[in-house]
1. Taking the conditions exactly as written (touching a strand residue (DSSP E or B) at 6+ places or on another chain (Cβ under 7 Å), at pLDDT below 90 and among the charged types (D, E, K, R)), does Asp139 satisfy them or not?
2. Taking Gly103 as the residue in question, decide whether it is open to solvent by less than 60 Å² (accessible area, probe 1.4 Å), assigned to a helix (DSSP H, G or I) and touching a strand residue (DSSP E or B) at 6+ places or on another chain (Cβ under 9 Å).
3. So Ser209 clears everything in (1) more than 19 Å from Val177 (Cβ to Cβ); (2) surrounded by 14 or more Cβ atoms within 10 Å (Cβ to Cβ) except one condition, right? Which one?
4. Would you pick out the residues in segment 132-187 that are surrounded by fewer than 18 Cβ atoms within 10 Å (Cβ to Cβ) and aromatic (Phe, Trp, Tyr)?
5. Need a quick list: helices (runs of 4 or more DSSP H) entirely within segment 19-62 having at least 1 residues that are open to solvent by less than 10 Å² (accessible area, probe 1.4 Å), in contact with a His (Cβ under 8 Å, 6 or more places away or on another chain) and not charged (D, E, K, R).
6. Can you find a residue in segment 79-100 that is within 19 Å of Glu17 (Cα to Cα), open to solvent by less than 50 Å² (accessible area, probe 1.4 Å), assigned to a helix (DSSP H, G or I) and touching a helix residue (DSSP H, G or I) at 6+ places or on another chain (Cβ under 8 Å)?
Amino acid sequence: MTQPELEGDRNEASNWERLPELALAADREGLASHFDGLSEAERIHDFGRLSAEDRARVLALLDPERAAVLLEAVPDMHAGEAVQELEPAAAADIIEELQSDEGADLLGQLEADAAEAILAEAEPDVAASLRSLLQYPADTAGGLMITEFVAVPESGTAQDVVDHMRAEVEHYADYPVQYVYVVAADGTLRGVLPLRDLLLARRKRPIASLMIRDPISVPALAPLEQVVEVFDRYDFVGMPVVDDAGVLVGVLLREGVDEARVDSAEADALKARGIVGGEELRSLPLLLRSRRRLAWLSINIVLNVIAASVIALAVFLPIISDMSGCSGNQAVAVSLRELTLGVTRPEEILRVLFKESALGL
């Protein structure tokens, strides 16, 4: 087979229109096969081209594990819109496959009634974990932490901990375990035990003599700036999060903090370019996008009218100049955001960028 033929087959296989076709045909096996044949970038792009109804249909037909992989990759806005359309039981099955912080972030985008309906269908321990995370603001340590961690009493031995982890291997299999956390009977954090030290210790050695006492931790309500500062200071993979009473409530992972730092910087960049209404993609309804942008552009109109009144003969010149610049900045900001997320390809951006800059949409 020639190279052009190979490229043609590849383009056909990754054609986004295949997703709604397979979903409408309720072809679970075909959809799963098509999904497995796509790269992560292709999944993000193709899923982003679908309507909210088609996204929900695709998620409902994929098995929960594949659906969770997809939701972890796509923009939060697309994930939230799709889950909002699912039946609560189907959405609960998918959210149970997500890491706790990802699941909480997803539920946080939904309407309160929809989120509660999904939690009612979830496993009790998963629902309790997600509810505990939802009580914290998203930009705090509590909002960024995960609840998948291993906690053991300080009264045991190294062999007790190893036996416990082996007995619960299915429960801990997906945990990002780097440390074992040692707690008192009331859940208060007493120490941290690196996994390497545990595995190399003599079997009967007490945990209290192995652990690192009084470990560095962060309060659950610590803001993102404080969390970033702590991780910059210490070369930790994870860090325990405690409440006001010192009880261990979760663990912060460095990768999660780094992701939150990038998201915060991107949000600030969008605001600097006039996108002040939150995340914006071209899949949003036109009226909603217009209303969000006009909130910023209207202020510019008022300021420009004041400025233009000083120049009576050129009253419209500063308005036209500044409005076109602001709308152009907004169009460029959305285009860069979509390119970063992978929901739109460069050639698609080029087709619409000039038109949107001219129309201010």
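The values are calculated or read from the model by the stated rules, or taken from the named source; none is laboratory data. Keep in mind the model is a prediction, meaning the values are calculated, not measured. Every residue, glycine as well, gets a Cβ built from its backbone with ideal geometry; the counts of neighbours run over all protein chains shown. Ligands, DNA and RNA are stripped out before the accessible areas are found, and what is left, the full protein with its side chains, is counted by its heavy atoms. Shrake-Rupley method; radii C 1.70, N 1.55, O 1.52, S 1.80 Å.
1. Yes: the conditions hold for Asp139.
2. No, not satisfied.
3. Unmet condition: (2).
4. Result: Tyr172, Tyr175.
5. Qualifying helices (runs of 4 or more DSSP H): 40-48.
6. Yes, segment 79-100 contains a residue that is within 19 Å of Glu17 (Cα to Cα), open to solvent by less than 50 Å² (accessible area, probe 1.4 Å), assigned to a helix (DSSP H, G or I) and touching a helix residue (DSSP H, G or I) at 6+ places or on another chain (Cβ under 8 Å).
Residues are listed down the side, and each one gets a yes or a no for (1) of a type in the set (D, E, K, R); (2) more than 17 Å from Asp139 (Cα to Cα); (3) touching a residue at least 40 places away in the same chain (Cβ under 8 Å); (4) not in a loop (DSSP other than H, G, I, E, B):
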{"position": "Val182", "(1), (2), (3), (4)": "no, yes, no, yes"}
{"position": "Val192", "(1), (2), (3), (4)": "no, yes, yes, yes"}
{"position": "Ser209", "(1), (2), (3), (4)": "no, yes, no, yes"}
{"position": "Asp235", "(1), (2), (3), (4)": "yes, yes, no, no"}
{"position": "Val257", "(1), (2), (3), (4)": "no, no, yes, yes"}
{"position": "Asp263", "(1), (2), (3), (4)": "yes, no, no, yes"}
